[in-house]
Every structure is written in C-alpha cells, then in structure tokens.
Amino acid sequence: MTSDNCPLLTYRVRVGHHEFRVIARDAAEAVELTRRLLARELPRLYDVIHNLSKTRFEVENAA
Amino acid sequence: MTALPNSNLPPKLQKMQVEIEGYARGYGLDFYPTIFEHIDADDLNAIAAKGGFPVRYPHWRWGMDYERLAKGYHHGLQKIYEMVINNDPCYAYLMKSNDVIDQKLVMAHVYGHCDFFKNNYWFSKTSRKMMDEMANQGNRVRRYMDEVGVEEVEEFIDACLSIEDLIDVHSPFIRRREEVNRYDFQDAEKRKEEVDERNRPPRFQSKDYMDRFINPPARLAAIAEERDAARCEAKSFPERPERDVMLFILEHAPLNSWQADVLSIVRNEAYYFAPQAQTKIMNEGWASYWHSTIMTRQGLTPGDVINYCDHHSGTLASSPTQLNPYKLGIELFRDIEDRWNRGAFGKEFDECDDYVRRRDWNTDIGLGREKIFEVRKIHNDLTFIDEFLTLDFVREHKLFKFGYNESTEYYEIETREFPRVKQQLLASLTNRGQPQITICDGNYKNRGELFLKHTYTGVELQVDYARDTLANLHRLWNRPVHLKTVLEETEAVFSFDGTQHDIEKGEPIELAEGVSI
C-alpha cells in the first residue's frame, strides 16, 4: 500500500546479473517496476520473471 | 509418467523421457502417450521413406524415397533428427547415432508436435489409429496384388497418386451434401414422398365446391410441367462443382471392387496427411518454441550449451531464397506471446501511429501464454499468417519478396512492401500451394466425358504435369477428359482421349484486379 504523499526515491535493484535504477515510492513498488523493466528486456522469460519471488530482488536505496 | 513398456529405449533415455515429459506437462502441454523408438539411421530412413509408417501398402515409390534418403545420409548431405506420427499413442523415432543432447532436444520437440496433433482443430477429424489402419490397408493391397498381379495394382496406385492432391480439405468440417445410406430403403421411400410433396404445385386453401375455381386444374398442371422442365434443365452432374475429385471418381467411375478400394485407401491417406501440409509453419514453430523453452530453462547442463546452440541454430537457419517454416513459426509465436503480454493488440493499439509509442506499449496484462495456446488450437498456416503477420514483424525480420530478373539473369529482391510480401506468403499457402481444380461436368457434351476447371489465380499449370495427370485421370474415368485452364494469358482446354493430347485455345483472359502474372 502506498500513499500519494510518500516522497519518490531512487532504488537500485539487482536480479541475478541484471541491475536497474528505478524511481519508486517504496521498495515493493521498486520491485514491481523492476519486474516490468526486466520483462521488457527479456520478453521470452516473461512468465519466469512474473513468478520470481520478491526475495530474488535485492533492493538498495541509491540516494 | 513412466516410459511405456513397449518402448525399446535404453534406461538412460527412458529416464530422460520421463524428465522431459514432466517439463512438458508442467507447461500445460497435453498429448497422447508417446512411444519413442530407438533405431539406427538405416531403419529411420526406411520408415521415413514410408511417411513414418513402418507397415504400409507396397509401392515402388517407398524404395525410391529410401534410396534418396539413404544416399543423402551416407554422403553427409542430410540427416533426419526426428520423426513423429499423429496417432494415439504417438510414435516418435530417435536415431541411435544422435548425441545425448540431441535426443533431449528431439524429445522436447516431439512433445510439442504431440500436443499440436492432439489439440489443433485441423487435426481433430484425422484418424488416431492410423498406424493400425495403414497396416490393414497394406494387407488389403497385398491381397489384391496376389489376385490381379503386382504390376497392375502398382500402375493403378500410380494413377490414384497423381490425383491425391485433388481433395476438398474443408469437407471433413462442412456438410456439403445430405448423407444418404444407400441400403436404407425405407428411408428412401419416405424421402421420395417428401420430394414429391415439395414438388407439388402450391394450392390455395378452399372449400371442396370452390376448389376447381380457386385452384384450376389446368393451371396446376401447367405449373407442374414448368417445374419439371426447370428441374430437368437445372440438374447438372455434379449439381455443384466438385472439389473432391477423388470422391467423384470413386462414386462415378467404372471401377471394379479392388480398384475402388485402392482409390479409397489413397484418398483416406490424403485426408490424413492434409492437415500436416495445412499447418507446417505452425506445427514446426510450436514444436521449436517448446524445445527451445524446455531446453534453455530446464533441459540443459552447462556442458551441453554449445552443442545445443549449434543444433538449434542449424534448425532455425534462414536462407535468402527459401522460407524456413521452423523460423517463421517460432518467431511468430514469440511475437504473439510478447504482444499479448504487453497488451499490444486491439483497437487502440492498431489505431496508434506513433512508432515509439507502439514499440514501448506495455499494459502488462500478461496474456501471452494463454493466447499462444489459443492460437495453436484454432488456426492453420493460412489464418495464422493472415491474422498475425504484421507490418512490424515483417520489418523486424526483414522479409522480402524475390523473383527472377530476366535482364540481369539473377534472382533479385522485388519488393519489401508489406502487403505484397504478405500476399505472396498467403498465395503460397492457399490450398496448400496446390492448384484449385474442380469437376464441373461428369457428362460433358452428353458423352460421359469428364470436364474439369482450373481456377486461375495468376499461376499457370505446368503443362507436362497437367498432361500426365489428364492421362492418369483418363485411366480412372475410362472416357475422354478435359481441363479448362489459362495458358499464356489465354483460355485453353487440354484434352486427352486415351490416345492423344489436344489443346484448344480460346479468348484472351481479362485479369481480375489484384491478379498479376
């Protein structure tokens, strides 16, 4: 659950060898955004990426 | 999920089969039990020469095909990796000389085919016991050979095979005419009464004493006469042009019982194999999609990667002059999956003209896998290409139409225009790439001659093939045969009367819009 009043933060999210910088309200949203970016990058693994557990995403605050 | 007991797989491959079958079922593939036979190249070539069926009617053509395959194999020109038969249970053949990684790849590929056979609508009317049927048909033909002689039966089979493409591939799905049981005599009388009732002139309702004024007998008799005359005039033979030439010959040619049976065997096989020709791109694409998915996600060990990539890329290699059905099929399935995963379909998407927006379109609805399963269920190659070959796809895969340039004496790219590329592809798939020929008259000139018509779509018939086919048709029909077609932009009628060929040229034709020569 996110609130509209939450400030936007930059996160660095790692999944295996891939790393993304995303701007999100919190870590959960950063994971979801990363899923979408990763799925666009690897369209053949769409189903695998959307079934990855959250623990496979290493989220760090990049700010 | 264990290997079937009658399989001759060594234990290592049996274990591998169980593993790959598990992966395939895990992805939702649904297939009949599959029996893998482990055989050497010689046996595989012999079975492949007979279309995958170990026991079939005897014919010289199998020997010829075997020689071609065996020579190709021994000279290192070609090798059959895999063969799978649409049957319940499915039969698949693995070549003994293949590497272990190849066997794994082939198994994954085979399960893709087996799923397609079981679930694609165009295969739904094919016999699932064809292995047994072919063996039984083989016995019948052998018996006829014993009775009337090998040469006579083989020559007759040759004549039948030359018209095996002249079938109506849609007839299993469409009721073209009333099915009538010729031995049901009670029904026949009832039907006659119904027809008489239908043909009776219409009468106004009236009291008895007024009837001869309201429905004057002379007028009713005149109407009945007019109807009889119209009926006689309209009745042609066949009533409508018949696309199933084999069926027409079977029902109306003067064949004796063994000939009719042999023709029905060849026709039965033609209908069995027709969906495979109708779905080549989809079927190979679907199987390649699944072997690629299973192998890259679960099947491969690090040591296998190079060999796998080598063989997978060999299967999907594109040639500038030939369309590879494996490549086109797998890429289209991947494209559909990707588009339906990101919601890139529907009215809003189709109306979007902005290239960047279309490229980055993503509603993330994730319907890709569901969609490709739906596509494999209902489409054949023609509808598949028509529906899913898009401008973006043609651009991305750099498809083009090529032709022979007589001035430079080279094959050259004619165009990269999307509509023309798509049109060319669709034209090559329509009627499985075969000419459309129908029987228009079985009593031509009231002399019992056969008149056929070739529907001209821009490609002329090959004259030597047309003549040989007419000669074979004459052998079956036993009366002169005629074929109306277009030759050098002029209407022409080929005829064969049993001794000599004849061509009668008519008027120059006017091409329909969109038809080019």
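Brief remarks on what is shown
- Interchain or long-range residues, amide H under 5 Å from B:GLU491's placed H: B:GLY506, B:GLU507, B:ILE509
- Loop-located GluC sites (Glu not before Pro) across the range B:348-421 with a Cβ neighbour count of 14 or fewer within 10 Å are B:GLU406, B:GLU409, B:GLU417, with loop assigned by DSSP.
- In plain terms, if you count all Cα to Cα distances in the range B:365-443 and split them into 10 Å steps from zero, the share in each step is 15, 31, 30, 15, 8, 1, 0 percent.
- The range B:74-118 shape via C-alpha gyration tensor axes, a/c threshold 1.5: prolate
- Prolate/oblate/rounded label for the range B:209-342 (Cα gyration tensor, a/c 1.5): prolate
- For the range B:90-161 versus the range B:429-493, the spacing of their alpha-carbon centroids is 30 Å.
- Per-residue HN-Hα couplings for the range B:302-314 [Karplus 6.51, -1.76, 1.60; θ = phi - 60°; Hz; x = Gly/Pro]: x, x, 8, 4, 5, 4, 4, 4, 4, 6, 5, 5, x
- Pairwise Cα distances in chain B exceed 33 Å in 54 percent of cases.
- Trypsin sites (Lys or Arg not before Pro) within the range B:389-474: DSSP coil, no more than 16 neighbouring Cβ in 10 Å: B:LYS398, B:ARG416, B:LYS445, B:ARG447
- In this label model, B:ARG61 and B:LEU367 are separated by 4.4 nm, measuring between points 7 Å along each Cα→Cβ vector.
- A viscosity of 1.002 mPa s and a temperature of 20 °C, combined with the Kirkwood radius over C-alpha pairs in the Stokes-Einstein formula, give the range B:416-517 a diffusion coefficient of 144 µm²/s.
- Amide H contacts of B:ASP441 (H built 1.01 Å from N, in plane; Pro and chain starts excluded): B:PHE451 sit under 5 Å, all sequence-distant by 5 or more or on other chains.
- Across chain B, C-alpha contacts under 8 Å between residues 6 or more apart give a mean separation that, scaled by the residue count, equals a relative contact order of 13 percent.
- The range B:20-96: trypsin sites (Lys or Arg not before Pro) in DSSP loop, at most 15 other beta carbons within 10 Å: B:LYS79, B:LYS96
- Long-range Cα-Cα pairs in the range B:52-201 (distance over 23 Å), rounded percent: 63
- Debye log10 I(q)/I(0) at q = 0.05, 0.08 Å⁻¹ for the protein assembly as shown, Cα point scatterers: -0.33, -0.76
- Net lengthening on full extension, B:ARG140/B:ARG358 (0.36 nm per residue, minus Cα-Cα): 72.5 nm
- Spherically averaged projected area in nm², based on the convex hull that wraps the Cα atoms of the range B:235-286: 4.7
- For q = 0.18 Å⁻¹, Debye-computed log10 I/I(0) when each Cα of the range B:89-163 counts as one equal scatterer: -0.88
- Within-12-Å neighbourhood charge of B:ALA92 [Cβ basis; K, R +1; D, E -1]: -3
- For the pair B:ASN8 and B:HIS74 in one chain, pulling the backbone fully straight at 0.36 nm per residue adds 21.3 nm over the alpha carbon distance.
- Of B:PHE384, A:ILE23, B:PHE237, farthest towards positive along the dipole that unit charges on Lys, Arg, Asp, Glu beta carbons give the protein assembly as shown: A:ILE23
- Backbone phi angles across the range B:336-349, fed through the Karplus curve with coefficients 6.51, -1.76 and 1.60 (θ = phi - 60°), yield HN-Hα couplings of 4, 4, 5, 5, 6, 5, 9, x, 7, 7, x, 4, 4, 5 Hz in residue order; Gly and Pro are listed as x.
- Loop sites here are chymotrypsin sites (Phe, Trp or Tyr not before Pro) outside DSSP states H, G, I, E and B with no more than 13 other Cβ atoms within 10 Å. The longest part of chain B free of them is B:205-517.
- Zone residues, the range B:190-206, relative to B:LEU220, backbone N less than 15 Å from point 7 Å out along Cα-to-Cβ: B:197-206
- Proximity of backbone amide H atoms, modeled 1.01 Å from N, is registered between B:GLU37 and B:ALA92, B:TYR93, B:LEU94 at under 5 Å, excluding neighbours fewer than 5 places apart on the same chain.
- Spatial offset of the range A:1-59 relative to the range B:200-252 amounts to 76 Å, using the alpha carbon center of each.
- Between B:GLU491 and B:PHE273, the distance separating the two model label sites (each 7 Å from Cα on the Cα→Cβ line) works out to 3.5 nm.
- Whole-Å semi-axes of the ellipsoid equivalent to chain A (Cα gyration tensor, √5λ, descending): 21, 12, 10
- For the range B:492-506, 3J(HN,Hα) per residue [Karplus equation, 6.51 cos²θ - 1.76 cosθ + 1.60, θ = phi - 60°, Hz, x = Gly/Pro]: 9, 10, 7, 9, 9, 9, x, 10, 9, 8, 9, 10, 10, 8, x
Quick note: the coordinates plus some simple rules give every number you see, no bench work behind them. Keep in mind the model is a prediction, meaning the values are calculated, not measured. Quick reminder, even Gly has a Cβ in these numbers, built from the backbone with ideal geometry, and neighbours come from all protein chains shown.
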